[in-house]
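Only the coordinates and a few stated rules stand behind these numbers; no lab work does. In this text the structure is predicted, and so the values were computed from the model without any measurement. Here Cβ is always computed from backbone atoms with ideal geometry, including for glycine, and neighbour counts include all displayed protein chains.
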Amino acid sequence: MFDRLKMAAIVAGVAGAALLAGFAYTGGATGQTSSLQTGASAPAFTGIGTWINSAPLDKAQLRGKVVLVDFWTFDCINCAHTLPHVKDWYARYHDKGLVVVGVHTPEYSFERDTGNLKNAVKRFGIEYPVAQDNQYATWDAYGNQYWPALYLFDQNGKLVYSHFGEGRYAETEGKIRGLLGLDRKQG
């Protein structure tokens, strides 16, 4: 009888843990949002202490371009998994009008160090502009809550798409291509 009770307690505990995990993690699926909604204007890059691979960028310079903003931090494994895709989109579509801006917002204190960030940018082979957002000013302007987070803006600076976490790479690329006026057979 005690074995049955032990087994029932274990099953109930595992089921409860699975239920809590399901509520806590949505894996980039529906339900994850930021305060920045589709159709909103792109916030300014504010509070940026350092720009890597670029002079400082502002909204006026980006008018007329398709802009992908990637919130990341270099010690995040999920961010590391998305970087090859972001780098590929930059390589393939930069000359067609896509601007990629990585906004590095640190999770840990050692990620705030500019030298560490520059080393990470070099190690990952990132060639697009990276804004160092140590004070979370741009993060807060977007109402962002996630690493990684992608925000895609049209040529008028309006948000057309966002995605949080890993995955949906084909969907994201399709949105980029659509905004650039490329069909599946081109570029």
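Of all residues in segment 39-91, those that are closer than 18 Å to Trp147 by Cβ and of a type in the set (Gly, Ala, Ser) total 2.
Candidates are the residues of segment 89-98 that are within 17 Å of the chain's Cα centre (by Cα) and in contact (Cβ under 8 Å) with a residue 40 or more places away in the chain; the one that is nearest to Ser54 (Cα to Cα) is Leu98.
Out of all the residues in segment 118-128, is one or more within 20 Å of Gln37 (Cβ to Cβ) and of a type outside the set (Lys, Arg)? No, every residue in segment 118-128 fails to be within 20 Å of Gln37 (Cβ to Cβ) and of a type outside the set (Lys, Arg). Applying the condition of being polar (S, T, N, Q) and without any contact (Cβ under 8 Å) to a residue 60 or more places away in the chain to segment 99-115 and asking which residue is nearest to Pro84 (Cα to Cα) yields Thr105.
Against the numbered list (1) at negative phi; (2) in a loop (DSSP other than H, G, I, E, B); (3) surrounded by 16 or more Cβ atoms within 10 Å (Cβ to Cβ), Leu179 comes up short only at (2).
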